[in-house]
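This report concerns only the one structure given below.
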Amino acid sequence: MKPIDCDPDPLETKEWLESLLSVLKVEGAERAEFLLQRLLDKARQHGLPLTGALTTPYINTIPVNAEPAFPGDEALEKRIAALIRWNAVIMVLRAGKISSELGGHIASYASAATLYEVGFNHFFHAASDQQGGDLLYIQGHSSPGIYARAFLEGRLRDTQLAHFRQEIGGQGITSYPHPWLMPDFWQFPTVSMGLGPMQAIYQARFLKYLHNRGLLNTQNRKTWAFCGDGEMDEPESLGALAIAAREKLDNLIFVVNCNLQRLDGPVRGNGKIIQELEGDFRGAGWHVIKVIWGQSWDALLAKDKHGLLQRMMMETLDGEYQNYRAKDGAFIREHFFGKYPELKAMVADLSDDDLWHLTRGGHDIKKVYAAYQSAVAHTGQPTVILAKTIKGYGMGTAGEGQNITHQQKKMTHEQLLAFRDRFQLEISDQDIENLSFHHPGQDSPEIIYLQEHRKKLGGYLPTRRTLASETIKTPPLEAFVNPLLGSQQREISTTMIFVEILRQLLKDKTLGPRIVPIVPDESRTFGMEGFFRQIGIYSPVGQRYKPVDADQLMYYREDKKGQLLEEGINEAGAFCSWMAAATSYSTNNLSMVPFYIYYAMFGYQRVGDFVWAAGDMQARGFILGATAGRTTLAGEGLQHQDGHNLLFFSVVPNCVAYDPCFGYELAVIIQDGLHRMIEKQENSFYYLTLMNENYPHPPLPKGSEPGILKGLYLLVESSAPHQRHVQLLGSGTILREVIAAAALLEKDFKVTADIWSVTSFSELRKEALAIERHNLLHPATPAKQSYVSHCLANRSGPVIAATDYIRLNADQIRGFFKQRYVVLGTDGFGRSDTREQLRHFFEVNRFYIAIASLHALLAEGLISAKDVERAFEIYAIDPKKPNPFTA
């Protein structure tokens with residue numbers, strides 16, 4: 001390969017290039033860009049197969065002559081960063097001394113320190129009287145560095161750093177960003193890789209939503225998302241780039257730490273991850289800033305008159321760059337600059353040590369500052385900064401730039417000495433031996449500088465608001481009059497009753513504007529199309545077209561002040577919108593009430609990682625699984641019928657999960673949820689099932705509210721219980737089958753029944769476990785009785801529970817009462833058929849409930865086997881029917 005491409009007419013080429021440079025100099029970049037675009041358009045018109053370039057040369061986006069003056073003290077900021085680096089390393093090493101089980105990460109923050117420090121010293125605004133503050137999604141593996149900075153700021157004590165990853169005793173700090181465990185420190189949980197980037201996009205969008213609706217001025221606030229180049233392989237990391245560009249989220253800045261390594265080795269050893277990401281982001285419509293080379297490269301690039309150095313930079317693969325860093329200056333001279341004689345001559349006056357210290361852009365304070373300054377000033381697009389760094393920067397032989405770096409948790413005494421000397425730290429050999437933290441003192445130039453810069457930016461970050469300063473009064477239960485009175489024999493689904501409740505809430509003068517309805521492109525399925533006209537669909541540009549249904553009453557209306565978030569076919573994105581709204585009390589000091597409704601089957605299993613993150617960040621809001629249950633969604637079949645997501649949600653510690661059957665149950669639960677989450681500001685969120693099955697709804701039974709909320713109440717009590725008596729438990733739509741089964745048992749077999757509505761097996765279990773624990777720990781005091789035990793303690797007959805979910809759902813309370821307990825559920829894959837056929841197939845209909853009741857009475861010796869056999873005959877039950885759990 002020739003070092004310079006052949007040019008059949010160098011003179012003509014020179015004239016074109018000089019013409020371009022002249023336009024740039026005289027008329028500016030905007031005019032030059034216009035002319036180039038017109039040339040490209042004309043070339044395409046004449047059939048030249050040109051494509052728009054998605055990548056730029058492998059150099060910094062911001063040229064040297066366009067870099068702003070750096071406003072800080074570079075030497076002082078380097079000393080501050082060195083102190084933070086030291087304490088971050090010592091934190092991990094000390095944890096390892098206590099136990100190798102504790103783990104920790106050194107290399108990630110080592111590569112990203114400059115990226116964070118420039119932000120903390122010059123850009124990251126805390127909440128103040130002037131503005132609401134920036135939101136930081138910090139890469140989880142960099143947490144030691146964030147703690148180390150907080151230590152210098154005086155926000156964390158050395159005893160806390162010494163108990164890194166040792167939380168049980170009360171002094172420790174968490175492994176990663178966990179707001180639940182450090183509620184006034186971390187803003188967002190981000191260590192499950194890929195979640196931070198996607199959350200950040202929808203968080204930035206939610207800030208625009210609040211601003212456009214006139215609820216909050218968010219104009220000067222930025223959302224910063226820090227992530228790694230390896231992390232960008234997660235589908236969530238890149239999955240929502242288009243919405244950020246489409247909605248012109250210029251309040252959003254991604255900083256991708258491109259240290260070229262993931263957990264086991266190179267991110268793209270055979271390619272160039274920065275170029276790949278540039279193409280991804282630029283193609284999606286983002287503003288891209290590359291920070292690849294530090295100041296020490298500027299002079300070399302200025303000498304590169306023929307572009308040979310740039311060409312070599314582009315030809316070199318990431319795997320080779322990693323290898324250069326793992327070797328020495330002589331190796332770099334021979335294998336990088338030595339490839340072309342011209343390049344080798346270019347660096348002849350530089351020593352091997354000089355070559356070794358040619359820095360990457362992500363470690364250069366001035367280069368990073370220039371990128372950040374450009375990013376915050378850019379309008380009309382989100383910005384991504386692709387910063388090239390070295391994984392384990394400063395660790396030397398302990399793992400700098402090596403494949404094992406991510407797992408490196410140890411450094412020898414000699415390696416720590418080298419680390420100290422490299423960063424010119426004033427730390428004694430004895431302090432190194434003792435693995436001592438180092439604080440230079442409150443009156444030191446470093447700490448004074450650090451504190452002054454944070455004061456200018458409004459205060460410390462990260463920090464988290466635990467309560468909104470406002471108190472919102474929620475509507476009383478009586479406000480939901482229609483669901484409480486029942487449907488008056490009109491057949492209606494709980495989904496439609498929810499829509500009615502939501503419509504009522506939207507009319508509330510105080511709470512109405514705070515409601516955030518969220519739907520992933522299923523509004524018509526859920527009967528919510530009326531909201532299109534009533535509250536409008538949010539769009540940052542309003543509606544620039546006349547909708548095809550403009551002449552209809554419920555036309556598709558988009559509005560800049562629209563309240564409904566209609567998210568398209570995108571459960572993950574919709575859930576991220578819900579998370580942003582559900583934590584607005586913390587991020588914005590503005591309580592919002594999100595109601596996210598979707599097909600229940602595409603619930604937890606689509607967004608389970610986000611659900612746990614929502615629990616961690618103490619989200620408050622309602623998640624509604626519509627068309628819930630295995631047999632309520634009839635014709636859609638196996639991949640649409642949900643028999644398990646209720647159980648999944650119930651295992652999240654601060655998720656309150658309910659499966660209501662009747663409209664009044666739904667109203668009681670929602671009103672109480674509003675009271676707890678919005679008025680009392682409890683840190684919980686709700687998962688409620690909704691069914692698309694139409695049936696009549698009775699009025700609220702007097703005095704049933706406490707039982708509805710606790711999870712169980714007596715719906716029908718037998719007026720004259722026989723000796724052959726059962727307790728029937730049902731939830732959701734299967735409660736109606738339980739009611740019907742009770743009538744069959746009495747008519748056909750003279751078996752009486754008490755009927756219980758179970759709104760939440762999981763809430764019953766939580767309370768029962770708490771009582772069980774109390775009794776275990778207080779053996780000398782009278783034992784307490786759980787609510788479910790109390791309800792059934794003096795009731796005769798076996799207990800039969802039936803739900804539209806897998807048996808584990810009702811099995812949750814098996815151990816908390818003495819009676820024989822039989823559970824029916826919908827284990828197995830779904831089918832397409834009618835509801836009647838599905839309930840027969842899964843053996844949860846009224847006939848199987850009756851059979852199960854009779855069989856339980858047989859086991860108690862209260863009826864004969866002939867009675868059970870007669871039931872098989874009466875109800876046409878085939879014992880040879882395929883097992884639905886395995887069929």
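The values are calculated or read from the model by the stated rules, or taken from the named source; none is laboratory data. Only a predicted model underlies this, so the values are computations on that prediction, with no experimental measurement involved. Quick reminder, even Gly has a Cβ in these numbers, built from the backbone with ideal geometry, and neighbours come from all protein chains shown. Heads up: the accessible areas ignore ligands, DNA and RNA and are worked out on the full protein's heavy atoms, side chains in. Shrake-Rupley method; radii C 1.70, N 1.55, O 1.52, S 1.80 Å.
Its DSSP H runs of at least 4 residues, each contributing -39,500 (n - 2.57), put the calculated 222 nm mean residue ellipticity of the chain at -12000 deg cm²/dmol, to the nearest 500. Simple spin-label estimate for E860 and W180 gives 4.0 nm between the two label positions (7 Å along the Cα-to-Cβ direction from each Cα). Accessible surface computed residue by residue for segment 610-748, with neighbouring protein chains in place and a 1.4 Å probe, gives 28 Å² per residue.
A 21 angstrom limit on the alpha carbon distance is what I want to check against. Which of K367/K410; K248/K272; K303/K367 exceed it? Listed pairs above 21 Å: K367/K410; K248/K272. Once the 1.4 Å probe is applied to the protein heavy atoms, segment 374-470 comes out at 47 Å² accessible per residue.
Phi angles of segment 167-172 translate, via the Karplus equation with coefficients 6.51, -1.76, 1.60 and θ = phi - 60°, into HN-Hα couplings of 8, 4, x, x, 9, x Hz per residue; Gly and Pro are given as x. Averaged over residues, the count of other Cβ atoms within 10 Å places the peptides 323-331, 849-857, 582-590, 96-104 in the sequence 849-857, 582-590, 323-331, 96-104, highest first. Per-residue 3J(HN,Hα) values for segment 542-556, derived from phi via the Karplus relation 6.51 cos²θ - 1.76 cosθ + 1.60 with θ = phi - 60°, read x, 10, 8, 9, 8, x, 4, 9, 4, 8, 9, 5, 10, 6, 7 Hz in sequence order (x marks Gly and Pro).
Peptides 61-70, 563-572, 250-259 ranked from most to least packed by the mean count of surrounding Cβ atoms within 10 Å: 250-259, 563-572, 61-70. Cross-linked pairs K208/K290; K208/K455; K25/K305; K455/K680: Cα-Cα separations exceed 24 Å for K208/K290; K208/K455; K455/K680. Legend: helices of the chain (whole DSSP H runs) are marked when their alpha-carbon atoms reach 27 angstrom or more along the helix axis and their mean Kyte-Doolittle hydropathy is at least -1.0; marked are 74-98. Along each principal axis, taking the top coordinate minus the bottom one, the Cα set of segment 581-683 gives 45, 32, 20 Å in descending order.
Packing-wise, with mean Cβ within 10 Å as the measure, how do 705-714, 130-139, 24-33 rank, highest first?
130-139, 705-714, 24-33
Could you work out the percent of alpha carbon pairs in the chain separated by over 43 Å, rounded to a whole number? It works out to 44 percent of all Cα pairs. Annotation: lysines with alpha-carbon distance below 17 angstrom to K710 (same-chain offsets under eight excluded): K702, K766, K784. Averaged over its residues, segment 55-117 has an accessible area of 37 Å² per residue, based on protein heavy atoms and a 1.4 Å probe.
Once neighbouring chains are kept in place and the probe is 1.4 Å, which whole percent of the accessible area of the chain is contributed by carbon and sulfur? Result for the chain: 53 percent of the exposed heavy-atom area is carbon or sulfur. Based on the Cβ-Cβ distance from W16 to D328, what FRET efficiency comes out when R0 is 45 Å, to the nearest 0.05? Result of the calculation: an efficiency of 0.60.
Using C-alpha pairs below 8 Å separated by at least 6 residues, the relative contact order for segment 711-809 is 40 percent.
Using all C-alpha to C-alpha distances in segment 240-322, build P(r) with 10 Å bins and read off the rounded percent in each one. Percent of Cα pairs in each bin: 15, 38, 33, 14, 0.
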